[in-house]
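First up is the structure itself, then whatever we jot down about it.
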Amino acid sequence: MVREKKVTGQLTPAEFNAAVRAGTAFPAVLLTGPEDYLRQRATDNYLDKSLTPEIREFDFTYLSGESTRVPELRHALAELPMLGSFRLLLLDLPTKLISEAASVLKDYLKKPNPALRILMADPENKPKYSSLKGLLPSVLWVHYKPLSENERARWCIRYMKEHDKEMSEEAAGYLVQTSKKSLGDLTAKLDHAALFVGETREIDMLSIQRISGVTSEVTVYQLEDALHRKSLAECLRIARSLLEGGEPVLRLINYLHRSLFRLWQIKVLGRRRGNHEKSIKEILGGQSWKSDAFIRGAKGMSFTALERGLRGLMDLEITLKTRTVQGDVLFYHWLWKVMAGERDKLEPGTGLGS
């Protein structure tokens, strides 16, 4: 039995979920933001808490934004419950009719149907800057903003914990950086990982690499660490293991370009006075747990070496995408130049220009 409590204003997603779990009912809720998976999860939880399956068959209406018309919306807002004490209307706000729908809803909310609860979803508009602005004083607004890499990594760890699995920070960070931004895509891979490890409780980097199609036993993180330490022999050994294990050379190039650029950003911060801990965490995103290693790496490499390495990677990427060449050989040569600090003695256009 849910408790009636008229609430308007704004709640964070966590506050809204807690209120729903506590049994609070809201006459009108507006869910916005691009994180589709989190919005859908919140919608499902709200429906499950509000209506039993038996009553939902009779007292639930869903209107899709693609097919809804204003007369149909007006009718749904006036409907009365058949079995329960209220009806629940789930409305995907129609993008093409957003202005007309907002006008109808605004008029309705001035004198709402006491036997109706509305749950509205709009992923494309932020109410403060659209025709939905007029609804805000009369609804509860929950916005699902895009999650950063670091937030998605923490979300992966929490998701696995909910499923009685332990996921390492390294594995979560790698999964986030090699997946689409959609939490739905991450969830599918997490479920795959849980099935892959079976009864094993821990999900580590190797497990994630295997379900991602990368079977090498040496991780790209180890290559990054060796690069930060300026260990040429170790870099060449790890790179060879990765490439022979199936890691695409272009993926390594893109990863190391991002890593060197982060070192350059941290080195720039080091020239300024003050505590830069927060700024460094923002730069590293999902790798903020490696901040100490990045700081040491930035201190150990000069601006000249970093800039030469970044230019070389960009040149190498262009070469591999436009010419038929041995990518692994050119990549090994790039590593040797960065580690040894040698000047470029090759002709322009080889992919190794400094």
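Any read-out appearing in this document is the output of simple, stated calculations on the displayed coordinates, not a laboratory observation. Worth saying up front: this structure is predicted, and the values here are computed from it rather than measured. Glycine also receives a Cβ, built like all others from the backbone with ideal geometry; neighbour counts cover every protein chain displayed.
In plain terms, the bigger the Kirkwood radius, the slower the diffusion; for the chain, with that radius from Cα pairs, at 20 °C and 1.002 mPa s, Stokes-Einstein puts D at 90 µm²/s.
Mean residue ellipticity, 222 nm, helices only, the chain: the sum of -39500 (n - 2.57) across DSSP H runs of n ≥ 4, divided by residue count and rounded to 500, is -17000 deg cm²/dmol. Out of S67, S207, S99, any idea which swings most in a Gaussian network model of the chain, alpha carbons joined below 10 Å? For the chain, modelled as a Gaussian network with Cα springs under 10 Å, the answer is S67. One Cα centroid belongs to the range 127-173, the other to the range 47-63; the line between them spans 25 Å. Computed over the range 154-211, the quotient of the alpha carbon radius of gyration and 2.2 N^0.38 Å is 0.96.
According to the calculation over all Cα-Cα pairs in the range 220-340, the P(r) per 5 Å bin from zero is 2, 11, 22, 23, 19, 12, 6, 3, 1, 0 %.
Out of all Cα-Cα pairs in the range 3-143, roughly what percent, to the nearest whole number, are more than 20 Å apart? Every Cα pair in the range 3-143 considered, those over 20 Å come to 42 percent.
Protection proxy ranking of 184-197, 314-327, 255-268, by the mean of other Cβ atoms within 10 Å over each peptide's residues and highest first, is 255-268, 184-197, 314-327.
Note on the chain: with charges restricted to the Cβ of Lys and Arg (+1) and Asp and Glu (-1), its dipole about the Cα centre is near 1480 debye.
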